[in-house]
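Since the structure comes first, as structure tokens, the remarks are kept for the end.
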Amino acid sequence: MAPPATKRRKLEHSDSEEKSEGSFAGFDDTNGAGSDASACAEEDDLDRSDVSMSGAEDFEDLKDDDEGEEDDSEEEDVEEEGTDPAPVVKAANPQKPPKRPAPSLQDGAYTSESFKSNMFKLQVDELLEQVSLRYGKKEAPAENAMRTLKGILESIPSRDALPILEAEKAFKSTGVAIPFPNPRPPKDAKYKLQYERPSSINATGSYPLKIATRNDNNFSIDLVVTMPQSLLQDKDYLNHRYFYKRAYYLACMAAGIKESTEHRFKLSYDYLNGNHLQPILIVVPSGNGDADDFSSAKCQIRILVAVPEDTFPKNKLVPGSNCVRLKGSEDEATNKALHATPFYNSTIQADANVTAYLKLLHATASKADAFRDACVLGRVWLKQRGLGSRSRKGGFGNFEWATLMALLLYPNAGVGGQALSPGYSSYQLFKATLQFLARHDLSKKPFMMQAPGVTIPKNETTPVFFDGPRGQNILFKMTRWSYTRLQLEAKATVEMLSDSVFEHFESAFILKTELTKFKYDATLEIPMAALGLDDTSDDHQQELSDVCRKIHNLLTRALTDRITSLSFILPDEDYWKISSQRPKESQQKSLLVNFATNPANAGRTVDHGPSAENKQEAASFRKFWGEKSELRRFKDGSILESVVWSTKDAGVSVIEQIVLYILKQHVNAQTADQSKFSGDAFASLITAGGMQGQSGVTPFLPIMNAFSALETDIRELEDLPLQLRHLRAADAQLRYASVEPPTAGHHPASVVMQFEASGRWPDDLCAIQRTKIAFLLRIAELLPKAKSDYTARVGLENPSQPAQNQAFLDVTASGGFSFRIRVYHDREITLFERQLKDNSLDGASRESAATSLALYKREFIQSSLHSQVLQTLSTRFPALSPSIRLMKRWFASHLLSSHFSPELIELLVIRTFLQPHPWAVPSTATAGFLRTLAWLSRWDWRHTPLIVDFSSTFSANPADLEDTSAKGLKASDLERIQTRFEAWRRIDPAINRVVLFAATNLDEEGTTWTDKAQPEKVVASRLTALAKAAVKAMRADEERLMNHINNTANTTTQPDLSPQSLFTPSTSDFDITISITPKHTLAPSKKLKSSLQFKNLEIQHQASKGPASTPLVQLFAQELRDIYGDAILWFWDPQTLDRIVGLWHPGVTAQRGWKVKVGWNGEPVRRKGGEGGVDVQLNKAAVLSEIRRVGGEFVRGIEAKQ
Amino acid sequence: MAPEKATKPKGSKSPPKTVADFTILPLTLPSLSGLPGQCKNAKHYIYVKPHAPSIPTATNERSLFIANIPIDATESSLRALFADQLGGSMVERVEFDSPIPAQPMHKRWKTDQPSQDKGDKRGKKRKRKEEALVAEGVVEDEDSALPSIWPGELHRSGSGAIVTFVDKRSARGAMKEIHKAAKELKLISWKSNNAALGVERYKSHTTLTYPPASTLQSSLNAYLTQFTALESMRNKLRKTSRSVPDADGFVTVSRGGRAGPARVEDAERKKEELEARKKKNAVKDDFYRFQNREKRKEVEMGLRRRFEEDRKRVERMREGRGRVRPET
């Protein structure tokens, strides 16, 4: 592998001998022409100084001696460059990123190894195409502006060396402030400040490397200005001296640009990555349309300051050494005892290494072809996860990503070996980099790359990836918690990418994951003012990060395994005017602490501490918990320190209690009082949605117990002609999925009963149905006799289809729980199938057989199978049941439930739990609900099937990476389902019959729950629209929250989004509204609250209630559906039944030629212009009148749109 | 009431009086509370013509076909309509084509002549021969039918009915009366005397759903007796069809003969055996070079095909949700 790589590199670094000064200027020659101009230019030695626009090739423009002094590990590059004087051909310096060729077989079909799958590859290609900068016309004005800026900077007059005070005084006239870092320079400093022409000016960062992406339609170009070495002294690395000089230098440039008359740019100061040691200049277009206005490029230019490499001794700036001495302790002896200043040291190194890293990245890009693409993928990935280079964004951004990847590509990277190979595809590079992050906890075990002798201070919690050759920890801006967050994200993504069945492209790159409402389960908002930080203090930044660390440590300790992650969202920092010192950060801002909880532990009420005998630990425990800590004796005899939380107050979760208590105890009471805790906001919309101190299935335990008791009791019946084989649940109430947990008087829960096989059944479908009735009658007779607390009666159904099930048995147990038993006889399926194939039957009969078969499979096989699966899943995922119930409530509130089978809604939510990516498995009802909504809003059901793999064994905890092998669906199964779906779309391109396609590993048909336009296309579209609206509202609320913590204007006017508002239906889109007489509606409040006060009375009362029959209004609504068929779509909320609304089917409202059977109530109209032609149109008035007559006393009034 | 004040704003012209061979008869609807203004002068239009099925029936000459009957029509309301408002013709019976709940659907064998049964279900004695045409179960009579769980019928919107009069003359008279009424814009009002509407309808359905056990039991007994009798007859029929060749000399394969379950299992086992033998004897499919070559080619073709499919899929996805672009 090595030789070709070397060769290529040689070719690329041909221009190594260029002289530094002015080499940046290359824009002139190259970018305009856009073609191979740079190559030509470089062949011409005279133009050498003007070489390239990119600056990437210009890293040699440091002093000559740089090369000599290069750290030995970098010798590879340098030697080649040195010994190979300027080969003339410039091999790879594409002016524009190579245009991606149209996808062809060569880069598609054989890439399953290197690209997960064709689909993935094709989408990655398109993504890269979309996000990458074109380096074309659009960007040209920005490059123009850079040339102008360079000209200005080069012509700024020097300023003489003056002592600090004098320099400041002299500078005052410019009206530009000097952004000194804190602490301000001492007045008695002996060194002087000075300005001289920069030794070089270069473009750096992602732009010249051609890996820039537009970020919200914006990007930035970095211009690095290297201070001449003559301004610096050896000892300047100590005590901020370098930084004072740097700040002065920057201010001089600001003043120079400001004063240059012919060009107007808007200037402001910012800190590079929020690091207050590194102020930078931000240049934005003037917007006045002159020659240097680059508004159209939609970008900003950042001017950074760098020092020549090796200005300062590297060994003094390793993480373990101290560079900020206390006053008067300059001697080496005391120096040793001082605290190390790794952050300070790394910051200096960062300024010294700007060019070195550009060089590294460029070299890597030419060595590994896919490096640039992998960088772009990384940028997209980071951005979607809200990670960035700024300390407040985690300190891991594009630069860190690219550098990390480049270093991992480095041969002999050190312990752990070379993780990546230059031959990798962009996808492989991306994945391998993530794998590296996922595997290594760099905050516990530093990664030292070619850095012998460098040690990391023991108590250091900052993650370390030490780049020996350049002597820098590239992760120095990160914190422990931001690394944890990065690592969790990396793990989650690696898991997605390792899934051999599903694609996960969207989750990896398209979805924005850092949305508090979707990603986290609880959020604590702490106003900055409440933290009691001294905002006049010099070191506000540092204090803030200290507070964050403290809160992180406190809460992590207090919450233990209740949470799976804890992270911060800090308010953004603003630019500030160059005319002033940095303004104090507004105290109106807030910071957010986000928690992801573990639902199994989150509601635990008792925390066990150390045993009382363990004196030392017990004392520490008591100290931590204060008065909350108490000594308790537990059942197993142990006596432990413990903390007990109450679940009495349903509105306050245990986590909230703990968080606020600990803040009060250890931060201050003010913080605790002013902080706002929010979590699981939607849970209160359903009964027991909050899972307070219990699992989500608890409210269903009574009915589940009653059900198993019933099974035992039926088994024990002696006089049954056949033995019971099994009794299976086939009802939402028996799989933890009904909106209301069933209580006495609920609607009977469906149950499927199967007897042992017997040859005595008749071999005729109709006769089988009658035999079933005989069985049911027998049980109805025997059961109450055997156990007097049962009541049972046989009911009839399906009068029009004698071959379908004709009867059921309603059994009510003593607790008031009732079950609807239907008998399952497996011979029926064969008989139906036989009829289906029987050519001697007439068409209508075979059609009826087909319908009956589908119904039979659904009611007797799939429904019970589905119930079984859901029972298991609900115990596995505590939040699944409440999420489903919330989702169903939403469907009901928007009057959609009659169009979607409950199983389908359940599948939608299950999908969120089984394919939770890019997030972890939801741990609250709110998260499950919102993420399902988000998916629904994105679901392109015309082109994509819903596929749920019940058996998928992803890890609920992203920490265990190993267990990613899918046991259930295989890629081939998926393909088969996909083919089936596509076949449906082919035979029914108008999508009239199967609108939604929902398959599982147990039911590959995909139409069990959705056949026969259940829902209709119009209804499915409405679902999508409603979900989109809901997600939009949530996103708006997210934005409001972000504005709020940043104290951006106009936040006070917007109220929080109330969960209820997502559940308020809009009926404006409907044509008919039938309002129901209040007497017949169901008032949910009436049902929920029992007026009885005593538990025993309540039980007696409940027991006396029979099972609820279907509400009469619902029967009416269902009959309306039968009467009007396709002509009117009916909607109602089964929970309130206060109105039934209708929508004329779009297909029937138009006037059309008259025919006898149009299928709806038509009125004749003369055809316009036609001679005697008669059309027919819907007779809406007569229809309303009919409805009124059928509805009778139900109808309070009917309204219809004109 | 002002008939010319039409229900539709644009209808300055009166609605047509005939269409195809139907006469259009507007019915004035009762005014009820709670209806919006647009329903004030609502009219229901029924379309009437003499019944003329493609294959004549015994009664078609004294029947009228009515299309678009009101959903709450009953035999008695139509009887009253003709008796009281349309010249007093006597209706013998009415057959609705899409009642709710629908008539029990019995699966039938294909027959050369269309089923007569439909028209003559009620009142008439069914012939045994005809009954055998039912492919499963029995056509229930009063004893064997399950108790009805709905108090009465409604009809699908826009469905039709055949009204049979006592004799030809009444039918003709009624038709004439309808012509006249349509021509003269005579006000005919629709009086729904369907008792089973509104709350009562659903209340009584809820009660009827649970018939007494004794009723159920006796209907069961009757059904099973009839079924046993019919089944033995059907078996006999099948047996004859098994042994009698048809005109072309083929014997129709039909149910019965050997016992069912064993045969399937036997066949499966045999099939497996055969396959196992085939496998043993067959030339291994990587024996010849051309086999390998072809296999490779096939694999490559498969990859190529799948790639093309995937590309199309991505294209479709783009149509569906736009370009691949990260969310903001």
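The values are calculated or read from the model by the stated rules, or taken from the named source; none is laboratory data. Every value quoted in this text rests on a predicted model; they were computed, and no experiment measured them. Quick reminder, even Gly has a Cβ in these numbers, built from the backbone with ideal geometry, and neighbours come from all protein chains shown. Just the protein is used for accessible areas: all its heavy atoms, side chains included, with ligands, DNA and RNA removed. Shrake-Rupley method; radii C 1.70, N 1.55, O 1.52, S 1.80 Å.
If you consider only alpha-carbon coordinates, what radius of gyration and Dmax does the range A:391-470 have, in Å?
12.8, 39
Take the cross-link list A:K431/A:K970; A:K258/A:K393; A:K359/A:K519 and give me the ones stretching past 28 Å between alpha-carbons.
A:K258/A:K393; A:K359/A:K519
What whole-number distance in Å separates the alpha-carbon centres of the range A:212-280 and the range A:118-186?
7 Å
Working from the pairwise distances between different alpha carbons, so that the mean of 1/r is found and then inverted, what is the range A:698-873's Kirkwood radius in Å? All intermediate terms of the calculation are to be shown ahead of the outcome.
On the way: mean 1/r = 0.0590 Å⁻¹.
That comes to 17.0 Å for the range A:698-873.
Where does the Debye-calculated log10 I(q)/I(0) of the range A:365-514 sit at q = 0.13 Å⁻¹, using only Cα point scatterers of equal weight, no solvent?
Listed by q, the Debye log ratios stand at -0.55.
Is the C-alpha gyration tensor of the range A:464-615 telling us rounded, prolate or oblate? Criteria: a/c under 1.5 is rounded; beyond that, a/b larger than b/c is prolate, otherwise oblate.
oblate
Around A:A306, which amide H atoms from residues at least 5 apart in sequence, or from another chain, sit under 5 Å from its own amide H, with H modelled in the peptide plane?
Amide H neighbours of A:A306: A:V225, A:T226, A:M227.
Are there trypsin sites (Lys or Arg not before Pro) in the range A:568-633 that DSSP puts in a loop and that have at most 11 other Cβ atoms within 10 Å, and which ones?
Numbers: sites: A:K577, A:K584, A:K589, A:R604, A:K615, A:R622, A:K623, A:K628, A:R632, A:R633; in loops: A:K584, A:K589, A:R604.
When the trypsin sites (Lys or Arg not before Pro) of the range A:568-633 are filtered for loop state and at most 11 Cβ neighbours within 10 Å, A:K584 remain.
Once you have a ≥ b ≥ c as the square roots of the Cα gyration tensor eigenvalues for the range A:979-1051, tell me rounded if a/c is under 1.5, and otherwise prolate or oblate according to whether a/b is larger than b/c. Each step should come with its number before you reach the end.
Details: a/c = 4.17, a/b = 2.90, b/c = 1.44.
Taking the square roots of the gyration eigenvalues as a ≥ b ≥ c, the range A:979-1051 is prolate.
So which GluC sites (Glu not before Pro) in the range A:534-633 end up in coil per DSSP with only 12 or fewer other C-beta atoms within 10 Å? Mind dumping the intermediate values first?
On the way: sites: A:E543, A:E573, A:E585, A:E613, A:E617, A:E627, A:E630; in loops: A:E573, A:E585, A:E613.
For GluC sites (Glu not before Pro) across the range A:534-633 that sit outside H, G, I, E and B with at most 12 neighbouring Cβ atoms in 10 Å, the list reads A:E613.
For the range A:998-1064 and the range A:697-771, write down the distance between their C-alpha centroids in whole Å.
36 Å
Given the convex hull of the Cα atoms of the range A:816-861, what is a quarter of its surface area in nm²?
Dividing the Cα hull surface by four gives the mean projection, 3.8 nm².
Among the chymotrypsin sites (Phe, Trp or Tyr not before Pro) within the range A:631-706, which fall in a DSSP loop and have no more than 13 other Cβ atoms within 10 Å of their own Cβ?
For chymotrypsin sites (Phe, Trp or Tyr not before Pro) across the range A:631-706 that sit outside H, G, I, E and B with at most 13 neighbouring Cβ atoms in 10 Å, the list reads A:F634.
Could you tell me how far the Cα centroid of the range B:34-59 sits from the Cα centroid of the range A:841-879, in Å?
40 Å
Can you give the accessible area of B:Y288 in Å² (nearest 10), computed on protein heavy atoms with a 1.4 Å probe?
Its heavy atoms expose roughly 100 Å² to the probe.
What do you reckon, how do B:K191, A:K298, A:K519 stack up by accessible area (1.4 Å probe), largest on top?
Highest to lowest solvent-accessible surface, that is B:K191, A:K298, A:K519.
What number, in nm² with one decimal, is the all-direction average of the projected area of the convex hull of the alpha-carbon atoms of the range A:200-288?
Values: hull surface 29.9 nm².
Value for the range A:200-288: 7.5 nm².
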